[in-house]
1. Can you tell me the convex hull volume per residue for region 41-167, based on C-alpha atoms, in Å³ to the nearest whole number?
2. Ranking request for peptides 136-149, 40-53: highest mean number of other beta-carbon atoms within 10 Å first, then the rest in descending order.
3. With every protein chain kept in the model, how would you rank Glu123, Glu155 by accessible area, 1.4 Å probe, largest at the top?
4. What's the carbon and sulfur percent of region 119-164's accessible surface, probe 1.4 angstrom, rounded to a whole number?
5. Using the heavy atoms of the protein chains and a 1.4 angstrom probe, tell me the accessible area per residue for region 66-148 in square angstrom.
6. Over region 59-118, calculate the relative contact order: mean separation of alpha carbon pairs under 8 Å at least 6 apart, over the residue count, as a percent.
7. For Val84, what charge total do you get from the other residues with a beta carbon under 13 Å from its beta carbon, if Lys and Arg give +1 and Asp and Glu give -1?
8. Taking amide H positions as placed 1.01 Å from N in the peptide plane, with prolines and chain starts having none, which residues 5 or more places from Glu121, or on another chain, fall under 5 Å of its amide H?
Amino acid sequence: MDRRALLLGLAATTLAACEPQRPLGADGLPVATVYRITDADAAAVQFRMLDSVNSLRARAGVAPVQLNAQLNAAAATHARDMSVQNRPWLFGSDGSSPLDRARRAGFQGRLLGENISESYESELQTLAAWMGQPDTRTVILDPNARAMGISWYQEAAGKLWWCMNFGSDPAVSRPIPSVTG
């Protein structure tokens, strides 16, 4: 029995030594690493976010959403634009609103809301932060939502600009008419 415990302990120690060690900061905690999203990871990130959002929506008793190419495009445009402006806000550098960007991307439903973030965090950490705020949580759990767009822009240093849009089913809801024509 002692021999088996010794072998298991030795194996556990050996495996622990194989785990890459992160450097420690001045506070004694591991230094944060940059969360990198490669082109090969893009689809997995979107579907991981979609699955997580739909799990949260199911728990709240609302219908699931599906990824929408037009809302993805609108989100991608805005994520890159926020990086150019170097500030997370809902208006584009050309004065566009989330409604304008969804319309430009060809979305035929009603845009229900847009969540944005500037962070070094993963998609799931960003989703958790959004769920922790009443206004962004309301957008994610909107019972009228049937379509979702999610995208990001990552700067060379690793900073991520996240943008998530929710819209109604284009077959059911008509878009909000443009005020400017």
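The values are calculated or read from the model by the stated rules, or taken from the named source; none is laboratory data. As the structure is a computational prediction, the values presented were derived from the model and not from experiment. We place every Cβ from the backbone using ideal geometry, glycine too, and count neighbours over all the protein chains shown. The area values use the complete protein model at the heavy-atom level, side chains included, leaving out ligands, DNA and RNA. Shrake-Rupley method; radii C 1.70, N 1.55, O 1.52, S 1.80 Å.
1. On the way: hull volume 11.5 nm³, N = 127.
It comes to 90 Å³ per residue, whole-number rounded.
2. Working: 136-149: 19.5, 40-53: 14.6.
Ranking, from highest mean packing down: 136-149, 40-53.
3. Numbers: Glu123 5, Glu155 45 Å².
Descending order: Glu155, Glu123.
4. Details: 1020 of 1920 Å².
Reported share for carbon and sulfur atoms: 53 percent.
5. Numbers: 4130 Å² over 83 residues.
Averaged over the residues of region 66-148, the accessible area is 50 Å².
6. Values: 38 pairs, mean separation 21.1, N = 60.
35 percent.
7. Values: positive: Arg80, Arg87, Lys159; negative: Asp81, Asp94, Glu118, Glu155.
Local charge sum for Val84: -1.
8. Those lying under 5 Å, H to H, from Glu121 are Leu160.
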